[in-house]
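Values quoted throughout were computed directly from the atomic coordinates according to the rules given, and no laboratory measurement underlies them. Only a predicted model underlies this, so the values are computations on that prediction, with no experimental measurement involved. As a convention, Cβ positions derive from the backbone with ideal geometry for all residues, glycine included, and neighbour counts pool all protein chains shown.
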Amino acid sequence: MGIMNKSNRTYVRIAVLGLLLVALVFALYSSFVKDPDAVKVGRAAPNFSLEQLNGPELALDDLKGKGVVLNFWGTWCEPCKKEMPALQEQYNKFKDKGLVVLGVNIGESPVAVEPFVKQFGVEFPILLDRQSQITKLYRIGPIPTTFFIAPDGEVKEIFIGQLNEAMIADKLSKILPK
Amino acid sequence: MDQRKCECGHTNPVGTLLCESCGKPLDVEVFEQTQFPDMRYEGMARRSQTYSKKWIDRIWNAFSSVKIAIGIIIVILVASAVGTVFPQQQYIPVPVPTEADVARFYTETYGTLGTVYYELGFHNLYSSWWFVTLLVLLGTSLVICSLDRVVPLYKALSKPRLNQHKSFLKGQKLFGEGELAPEADQAELLDRAAVALKKKGYRIFRAERAIMAEKGRFSRWGPYVNHIGLILFLIGVLMRNIPGFYLDEYVWVREGQTVAIPSTPYYIKSENYETTYWSEEEMPEKLELNGGAIPKNFQTDAVLYLNKNADVPGKKPELVEVQKGPIVVNHPMIEGDIAIYQSGVQEMQLGALNFVLVDAKNGNKELGAFKFDLYNPEAEQEVAAGIKVRVLDYFPDFIMGSDGKPATKTNLPKNPMVALEIVDGTAQVSEKLVYLQGSVLTQKEDARFNLTFQKPDLVDISGLNVRIDKAVPLIYFGSFIFMIGVVMGFFWQHRRIWVQTQDETVLLAAHTNKNWFGLRREVDGLVDQLQLPVTIEEKTKA
């Protein structure tokens, strides 16, 4: 009786502890990976569609086959202002080689965005995220935040902070179509 | 060796305190009452205390310790308390669109302590990995502590202790013995005792020279039933982490605005927000409010829409109205699994500026009125025949930038500055002017056009809490089971009375798991009724 009982007991204990371990792993997994939909390097950039300042609605998926620089900005953000000319400069250089720069304005009205765009001579498409939906989708914290997206839609790099021309040029090499 | 033989012939597992069969104390020599084993688990061998050779047994033993369980509970208690010192991130009462805003909120509102609080992650305490781990450890401890005790207890109680060793009876808190007359009919005495106890609601177990009367055994299961309730409750809490089971979002919506509810295909519009106050006639007594007022109701009149274009975020929504009605505190708008609660408000916020364009060279004659919507301004408006107002620049939250040029601090219209151009097509005149902080600056000193102000549009911004919680039924069910367990354990007691005869003596002993006073009364009643020659002694346990 004793021996049989003892091994049974061990199995029961292993089963109970195993079950509880599964619960622990699940709980830990779900608290660590709290945000399974977060945009990350190596993953596909989630599709979206936004109205352009002075243009038709534009969807990210329509730009497959091109390298996309997705820049989130606001007129209240100093470093955003400072990097605008650099973005414009690189856009001029590579727009014929398959580069699209998209500036996503966060929650402002066209009346506030338009003069700003004119002042800095921005010519690349400006998208208006009036309700900050895409800003939330891309989990934007501090701005400027810039996503470098390869022609197949994969996010190659996420950069938070002000970019200069050299930095942009360097990162473009990863996403420009060959 | 994991067995031990009692003198009655029964073999008991190692760790048994009272022989499973005859009740004789096994390890202790009973000289004094204080050494008699505790009856809580019927003197059964708790397996966890017996074997600790394998690693699996060691883990099991650690979790079966009540001391460790209490330790875990204290840590959870302290952490939970700390989590309530400042609001959790989801309950921040102002809009915080980005992580940086969240950090700034804690620092600006609560100072250094707030910064520390944020940095240590207390702003998201209840879903942090270590808090969740503690909850699972508590659940583990609950399961193992219960299993470790309920199994031997069940085994013990399903074999009623009939015909016990004298030392077992003597060890009970209530005990008495007395000499019987040699001619007394012992069987008849036991019969009478059985009848008397049966009348009191006891279940009788009978042997030739012994009876055991028992009632309320089920109350011993109370603690285990309430643990099952707690475990269900914890499973419910964990289920919130399954995708789609739980959503807790906060949206701010202005009167007249339609906004997307994040993580759902819905949009919500606020048609009107209103706070109503108690009038003085409604108050039962006069209160010194010093001009203040007490709110009666917070209400957003809302329309809920389903977006048919929800598959592509940001795409121009195609909205279909699904519901319309008031959202009042504690009376959410419910759509399927989604509940939308009224939970915050910012009243009287600037929504639009109302201007009147006047002709300064013509005795300030009014030319026409126009509205400047601070959230969605029109680029150009015709104010009067041939006269247009064009927006040149708009800074919602004006600040002088570091480069000496006007700029905006945020995208919220807290301090709007507007540069306008007035174009009179017929007279071929164009003038620029700037509005800032309640005054107008004209380009020229003898300008023709000027602005006067009318009352601005003030809007109320409703804070709505959007929730899905599919685990709620399980959480309530667990709480209900918990209550049943508590009631079982609190309002009933497990009472046992033993009457045995041995040679020329009668032995009487009684045990209960609580309410000794009640048991004592029943035992005294029995002694009186049967006129037993015993004096009950009630021992106090150390």
**Fill in**
When chain A is treated as a Gaussian network with springs between alpha carbons less than 10 Å apart, the largest mean-square fluctuation among A:Lys66, A:Lys156, A:Lys136 is found at A:Lys136
**Message:** Student exercise: in region B:397-542, how many lysine pairs 8 or more apart or on different chains have Cα atoms under 21 Å apart?
**Reply:** 7
**Message:** I need the calculated FRET efficiency for the pair B:Glu7 and B:Ile70, taking r as the beta carbon distance and R₀ as 41 Å, to the nearest 0.05.
**Reply:** 0.60
**Complete:** Filtering chain B for DSSP H helices with an axial alpha carbon extent of at least 15 Å and a Kyte-Doolittle mean of at least 1.6 returns B:66-82, B:222-239, B:472-491
**Asked** For chain B, list the cysteines whose Cβ sits under 4.7 Å from no other cysteine Cβ?
**Response** B:Cys145
**Prompt:** What fraction of the DSSP beta bridges in region A:54-178 is antiparallel, stated in percent and rounded to the nearest 5?
**Reply:** 50 percent
**Item:** region A:49-175, relative contact order in percent, only Cα pairs under 8 angstrom and at least six apart counted
**Value:** 34 percent
**Asked** Going by how many other beta carbons lie within 10 Å of each one, how would you line up B:Trp498, B:Trp129, fewest first?
**Response** B:Trp129, B:Trp498
**Message:** Among B:Phe480, B:Thr426, B:Gln531, whose Cα projects farthest towards the positive end of the dipole of region B:398-542, with charges put on the beta-carbon of Lys, Arg (+1) and Asp, Glu (-1)?
**Reply:** B:Thr426
**Fill in**
With B:Asn415 itself left out, Lys, Arg at +1 and Asp, Glu at -1 over residues whose Cβ is under 9 Å from its Cβ give +1
**Message:** Between A:Ser7 and B:Gln531, what's the calculated FRET efficiency when r is the beta-carbon distance and R0 is 56 Å? Round to 0.05.
**Reply:** 0.50
**Message:** If I take every Cα pair under 8 Å that is 6 or more residues apart in chain B, average their sequence separation and divide by the length, what percent do I get for the relative contact order?
**Reply:** 18 percent
**Item:** Relative exposure of A:Thr146, B:Thr426, judged by other C-beta atoms within 10 Å (fewest first)
**Value:** B:Thr426, A:Thr146
**Request:** Specify the residue with the greatest mean-square fluctuation among A:Asp37, A:Asp129, A:Asp96, computed from a Gaussian network of chain A linking alpha-carbon atoms under 10 Å apart.
**Result:** A:Asp96
**region B:351-456 - charge dipole about Cα centre, Lys and Arg +1 at Cβ, Asp and Glu -1, debye rounded to 20** = 200 debye
**Prompt:** Listing B:Ser270, B:Ser263 from the residue with the fewest other Cβ atoms within 10 Å to the one with the most, what is the order?
**Reply:** B:Ser263, B:Ser270
**Request:** Compare the Cα positions of A:Pro36, A:Gly55, A:Gly98 along the charge dipole of chain A (+1 at Cβ of Lys, Arg; -1 at Cβ of Asp, Glu; about the Cα centre) and return the one farthest towards the positive end.
**Result:** A:Pro36
**Asked** Can you tell which of B:Tyr305, B:Tyr375, B:Phe63 lies farthest toward the positive end of the dipole of chain B, using +1 and -1 charges on the Cβ of basic and acidic side chains (Lys, Arg; Asp, Glu)?
**Response** B:Phe63
**Prompt:** Taking a quarter of the surface of the Cα convex hull of the protein assembly as shown, what do you get in nm²?
**Reply:** 48.8 nm²
**Item:** Whether region A:49-175 is rounded, prolate or oblate, judged on the alpha carbon gyration tensor where a/c under 1.5 counts as rounded
**Value:** rounded
**Request:** Take the cross-link list B:Lys24/B:Lys53; A:Lys95/A:Lys156; A:Lys118/A:Lys178 and give me the ones stretching past 22 Å between alpha-carbons.
**Result:** B:Lys24/B:Lys53; A:Lys118/A:Lys178
**Item:** Beta bridges per DSSP with both ends in the protein assembly as shown, % antiparallel, nearest 5
**Value:** 90 percent
